[in-house]
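K.L.:
This is the structure, below, for whatever I ask next.
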RNA sequence: GCCGGGGUGGUGUAGUGGUCAGCACGGGGGCCUGUGGAGCCCCAGGCCCGGGUUCAAUUCCCGGCCCCGGCCCCA
């Protein structure tokens, strides 16, 4: 009787790593270690779980449902969803030698999130990250970004997209416009959702207007498009109903902007009959409505940011913020645009100059070809300055392999000294995926180079002693533990990928020799141990790779 | 939460409303006694679960579970 199948089943989103798979991971991890140590970073390790509150401190109670939480007699614990907070805890509690400031540390280890798995997303995933703690200067930001691109280069991965933004600029702008500090995070999050929705709508629009015939979208995309439009329609109609009932806070004067448009119900038909122009028109309208709706809500309902506290954003501020977030392009285009929009004075000007310096420092490190993108707002609230992301577009939905930025307040918020910091994390699984998809996985190394075959039991003694000698001289050697027949052993040696077999029978034992057989050429010679070792080394060095 | 595509020995697969569900690799055993890296022979092992349709379901239908993708969200 076998065991109940269900107890053997791996929990959802977890994976085993057989040797072939593990080899790819080790390859990536080793590359990462080598690059980071080249820059003087040292590896650390933190526990796999910590107090739940440590992770909730910054991200809020809401993330409970996205983590693995369990209770113990010491209170609630959570499997770590990321490693920045534990590192900050380590620093804040004085575990690191601050006289070596800036601290340069890195980690590679598993993290856990209670999410629905899909391609490139698992409940247990590996992160490799860097934290540079104690330098407030732009060259620190630049070095950290350089580390990330250097790892990708060393892995031979091409076609990545590096986008850089700056939270300090955005925060300074909002503060200058009179937005309360605590409200800033409440604004940035939803704004990110808004801009990414607009991006999607714009993308569909482009695809439709480029192709005049055929099916440019595919069923998945089409249904997403319809869903998004319908979502906007729903929001809009809710508001109109409220207006009719006199319950809306938005003045009736805006009613015209929110007028219903029956075409949303016919999007599928329109698509099937090829009326793409019509759909584009609907998309334009919907995008505009979404902006107006959000703007009006924020202006008249306000944004809640604490118990009983709301901030009502003036429409001009909203417009300017949208404009700021939409700035994107190469540095020599984006920076002038930023200056034009924000000016050079006050905190905003300072933040902008700081951002420029970071980008300039990046060029000293030889990093080119990035995009300035003010809309990248990393989900986590603790970022205070430069933020960046690296994507491989060919990975599809889970294309982001790296994300990071500056977090100058975190250590202090954990009760430690005031230490500015900048860091990032790689998704190791996704790096492996990217490597596979671009055919850059190095060929697997065979289990051993030399396979020793004792022909009979009497020579086991001699064969094993000889194997030990081979190993002592650095040769990766297996000695057969299977007592099989010679021809089967040869077949196995071949399958294992060994380059050479060493055959040992009574003859060899008697003469004190080893018969070395080249498994490719099938040539063989009998030599005394020392010479055999030399011969093997020459063969291994001489052959391919 | 939503939308697709799938579940056949350990792995990869073929196939069928009704005989014994086929093949490859892998596993176990045998012939073969130091290179015949092969070959041959034998053995073990499978239609995800539950309902329905039917004389008969692994096959058709429905539901569930699971896996794989995509959307949302995130890293």
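K.L.:
Working from Cα positions, state the angle (0 to 90°, nearest 10) between the long axis of helix A:331-342 and the longest principal axis of chain A.
P.N.:
Once rounded, the angle reads 30 degrees.
K.L.:
Using the per-residue mean of other Cβ atoms lying within 10 Å as a proxy for protection, in what order, highest first, do the peptides A:334-344, A:405-415 fall?
P.N.:
Descending mean neighbour count gives A:405-415, A:334-344.
K.L.:
So if R0 is 45 Å, what FRET efficiency would residue A:121 and residue A:521 give, r being the distance between their Cβ atoms, rounded to the nearest 0.05?
P.N.:
Efficiency for this residue pair is about 0.40.
K.L.:
On to the next question. Which FRET efficiency value, to the nearest 0.05, do you get for residue A:101 and residue A:364 by plugging their Cβ-Cβ distance into 1/(1 + (r/R0)^6) with R0 = 22 Å?
P.N.:
Efficiency computed from Cβ-Cβ geometry: 0.55.
K.L.:
Compute the long axis of helix A:529-542 from its Cα atoms, compare it with the longest principal axis of the Cα atoms of chain A, and write down the angle in degrees, 0 to 90, nearest 10.
P.N.:
40 degrees
K.L.:
Now, a different point. Spin-label point model (7 Å from Cα, Cβ direction): what's the residue A:71 to residue A:285 distance in nm?
P.N.:
5.4 nm
K.L.:
Residues in the stretch A:434-448, backbone N under 20 Å from the label point at residue A:15 (7 Å along the Cα-to-beta-carbon vector): list them, ranges by number please.
P.N.:
Answer for this model: A:434-445.
K.L.:
Can you give the % of DSSP beta bridges in chain A that are antiparallel, to the nearest 5?
P.N.:
The answer is about 80 percent antiparallel.
K.L.:
Quick one: angle between helix A:276-296 and the longest Cα principal axis of chain A, in degrees between 0 and 90, rounded to 10, please.
P.N.:
Helix A:276-296 and the main axis of chain A meet at about 70 degrees.
K.L.:
Taking 0.36 nm per residue of sequence separation and subtracting the Cα-Cα distance, how much length would be gained by fully extending the chain between residue A:277 and residue A:534, in nm to one decimal?
P.N.:
Details: separation 257, 0.36 × 257 = 92.52 nm, distance 7.59 nm.
My answer for the length gained is 84.9 nm.
K.L.:
Say a paramagnetic label sat at a point 7 Å from the Cα of residue A:255, along Cα to Cβ; which residues of the stretch A:261-300 have their backbone N under 16 Å from it?
P.N.:
Correct set: A:261.
K.L.:
So, one more: Length gain on complete extension for the stretch residue A:350 to residue A:199, per 0.36 nm per residue less the alpha carbon to alpha carbon distance?
P.N.:
Gain on stretching residue A:350 to residue A:199: 51.4 nm.
K.L.:
Between residue A:139 and residue A:241, how high is the FRET efficiency from 1/(1 + (r/R0)^6) when r is the Cβ-Cβ distance and R₀ = 51 Å? Nearest 0.05.
P.N.:
Efficiency, from the Cβ-Cβ distance: 0.35.
K.L.:
Something else about it: Any idea how far apart residue A:175 and residue A:224 come out in nm if each label point goes 7 Å out from Cα toward Cβ?
P.N.:
Going by the 7 Å Cα→Cβ label model, 3.7 nm.
K.L.:
For the pair residue A:440/residue A:456, report the inter-label distance in nm, with labels modelled 7 Å from Cα in the Cβ direction.
P.N.:
5.5 nm
K.L.:
When the chain is fully extended, how far beyond the present Cα-Cα distance does residue A:185 get from residue A:394, taking 0.36 nm per residue of separation?
P.N.:
Additional length available on full extension: 72.1 nm.
Readers should treat all values here as calculations from the given coordinates under stated rules, not as data from a laboratory. All values reported here derive from a predicted model rather than from experimental measurement. For neighbour counting, all protein chains shown are included, and Cβ atoms are generated from backbone atoms with ideal geometry for every residue, glycine included.
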